[in-house]
Amino acid sequence: MIAANAFVGKPWGMAASTTVGAFAVGLLAVFGLADMAGVPLLATALGAQARFALDAGLVVTAAAAAGFLIPPIRRDVAAVIPIEPNNPVHLLALVMATMLLGMQVTAIAFTDVLASNSSQPPLTVVDLLENELPFLIAAAVGVGIFVRRTVPQTATRLGLVRPAWWHIALALAGAGAFYALGAASDNLSHAWTPDLARRVDDTTQHVFGQLNTPLGIAAIALIPGICEEILFRGALQPRLGLLFTAILFTSVHTEYGLSFDTATVLVIAIGLGLMRKYTNTTTSTVCHVGYNLLVAIGIGAAWINGAVVAEVALVVVVAYAIWSIRRRALTTSVGGGNTQG
């Protein structure tokens with residue numbers, strides 16, 4: 001991505017970026033084909049059928065990503081999502097995002113991700129940083145920090161701006177709504193798919209169990225909320241579009257497998273995307289952090305009535321703020337039209 005940013009504006013930039021992208025997809029295809037041929041590159045514990053499916057998924061993913069190296073396909077895609085088909089950075093962003101999505105979907109579809117996560121050591125704060133910090137780095141590097149943009153320009157491109165007062169109210173209201181959605185989804189999951197729900201609960205408890213401390217709770221709230229929002233909503237959504245970014249975001253949350261929780265993550269991702277679209281990344285980040293905090297600490301039965309009252313109050317405040325802004329805009333427009341006439 002550093003190279004792709006350096007290629008922007010060069011007459012040979014697209015050829016160079018295409019070469020880099022071709023190397024990446026070629027490497028992924030060779031990896032899948034080599035493992036399929038018997039070279040032990042993937043986990044040997046997988047059964048033959050699951051291993052073949054995983055290898056085939058990697059090859060198909062490489063082929064799908066390679067399609068974006070073809071200019072006519074990029075031009076067709078540009079009619080659907082806001083990319084520039086002849087921009088070296090956008091080309092690599094499409095290729096790499098497709099590779100990530102394909103690998104994640106393949107892993108979810110053909111491996112037992114719940115069992116895999118349960119076999120890993122519980123997360124620590126350091127692990128959380130190691131897992132999430134690459135998202136933040138990828139966002140800054142992807143938009144060209146120190147190559148095409150200064151630090152302030154990078155922040156502006158990523159949507160990291162000073163929010164209006166009502167943006168914060170919107171973020172907090174969104175966090176409460178998402179928490180209620182998650183609670184409803186959890187109830188449905190336990191009612192309709194109790195065995196899967198129990199496995200998800202056990203995996204979640206195992207993965208995050210050591211973070212049930214004040215420092216751990218703060219880390220769960222802040223680190224993913226900040227790093228993920230800056231990459232997905234800040235860097236990727238303005239180029240890949242809201243829906244594709246939401247699906248990509250959902251795919252990296254493989255700890256839930258194919259469950260109600262995964263569907264809930266998708267809905268939340270779309271909600272955060274809408275928040276980013278109509279406000280800024282700062283607002284969606286505050287919402288994401290607030291939601292993570294609510295999930296980490298929970299809301300006890302004694303607090304539920306107060307939480308409902310607070311949520312209703314926030315919704316009323318946000319609704320009034322939006323109505324007031326729209327009214328002022330309409331008044332200004334009408335007044336300007338009368339003056340011109």
Conditions (1) over 25 Å from Thr282 (Cβ atoms); (2) free of Cβ contacts under 8 Å to residues at least 24 places away in the same chain; (3) surrounded by 18 or more Cβ atoms within 10 Å (Cβ to Cβ); number of the one not met by Thr154: (1)
Unique match (being of a type in the set (S, T, N, Q), out of contact with any Gly (no Cβ under 7 Å at 6 or more places or on another chain) and under 23 Å from Met99 (Cα atoms)) among Thr262, Thr279, Thr245: Thr262
Residue within segment 38-50 that is touching a Phe, Trp or Tyr at 6+ places or on another chain (Cβ under 6 Å), within 19 Å of Phe110 (Cβ to Cβ) and in contact (Cβ under 8 Å) with a residue 60 or more places away in the chain present: yes
Exclusive hit being in contact with a helix residue (DSSP H, G or I) (Cβ under 7 Å, 6 or more places away or on another chain), farther than 18 Å from Gly102 by Cα, surrounded by fewer than 22 Cβ atoms within 10 Å (Cβ to Cβ) and among the hydrophobic types (A, V, I, L, M, F, W, C), set Ala296, Ala235: Ala296
Test: residue in segment 169-183 that is without any contact (Cβ under 8 Å) to a residue 24 or more places away in the chain, loosely packed, with under 14 Cβ neighbours inside 10 Å and outside any loop (DSSP other than H, G, I, E, B): no
Test for Gln153: is it more than 15 Å from the chain's Cα centre (by Cα), farther than 18 Å from Ile297 by Cβ and either of a type outside the set (A, V, I, L, M, F, W, C) or in the same structural domain as Val80 (by TED's automatic domain parsing) (or both): yes
Condition check for Phe68: modelled with pLDDT of 90 or more, over 30 Å from Pro238 (Cα atoms) and surrounded by 17 or more Cβ atoms within 10 Å (Cβ to Cβ): no
Neighbours by Cβ (under 8 Å, 6+ apart or cross-chain): first from segment 253-282, more than 20 Å from Ala107 (Cα to Cα); second of a type in the set (Lys, Arg) and not in a helix (DSSP H, G or I): Thr282/Arg162
Contacts under 9 angstrom Cβ, first residue in segment 197-212 being in a helix (DSSP H, G or I), partner of a type in the set (Phe, Trp, Tyr), 6 or more apart: Ala197/Phe260; Val200/Tyr256; Val200/Phe260; Thr203/Tyr256; Thr204/Tyr256
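If I filter segment 89-106 for residues that are not in a helix (DSSP H, G or I) and not aromatic (Phe, Trp, Tyr), do I get at least one hit?
no
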Residue check, Gly9 part of a helix (DSSP H, G or I) and surrounded by fewer than 17 Cβ atoms within 10 Å (Cβ to Cβ): no
Qualifying position, being on the phi > 0 side of the Ramachandran plot and under 23 Å from the mean Cα position of the chain (by Cα), among Gly290, Gly257, Gly273: Gly257
Candidates Val289, Val309, Val252, filtered to the one that is modelled with pLDDT under 95, under 19 Å from Asn131 (Cα atoms), in the same structural domain as Ala177 (by TED's automatic domain parsing) and among the β-branched types (Val, Ile, Thr): Val252
Conditions (1) assigned to a loop (DSSP other than H, G, I, E, B); (2) among the β-branched types (Val, Ile, Thr); (3) over 22 Å from Tyr278 (Cα atoms); number of the one not met by Val80: (3)
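From Leu69, Leu33, which residue is in contact with a helix residue (DSSP H, G or I) (Cβ under 7 Å, 6 or more places away or on another chain) and in a helix (DSSP H, G or I)?
Leu33
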Checking Phe146 against (1) of a type outside the set (A, V, I, L, M); (2) without any contact (Cβ under 8 Å) to a residue 60 or more places away in the chain; (3) at negative phi, the condition it does not meet: (3)
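Report yes if some residue within segment 138-146 is assigned by TED's automatic domain parsing to the domain that holds Val25, buried (at least 20 other Cβ atoms within 10 Å of the Cβ) and either at pLDDT below 95 or touching a Lys or Arg at 6+ places or on another chain (Cβ under 6 Å) (or both); otherwise report no. Steps first, answer last, please.
Initially, segment 138-146 is screened for residues assigned by TED's automatic domain parsing to the domain that holds Val25, giving none.
Looking through segment 138-146, none of the residues is assigned by TED's automatic domain parsing to the domain that holds Val25, buried (at least 20 other Cβ atoms within 10 Å of the Cβ) and either at pLDDT below 95 or touching a Lys or Arg at 6+ places or on another chain (Cβ under 6 Å) (or both).
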Those residues of segment 11-35 which are without any contact (Cβ under 8 Å) to a residue 24 or more places away in the chain and farther than 19 Å from Ile108 by Cα, in sequence order: Pro11, Trp12, Ala15, Thr19, Phe23, Leu27, Val30, Ala34
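The values are calculated or read from the model by the stated rules, or taken from the named source; none is laboratory data. Everything quoted here is computed from the prediction, not taken from an experiment. Please note: Cβ atoms are built from the backbone with ideal geometry, for glycine as well, and neighbour counts cover all protein chains shown.
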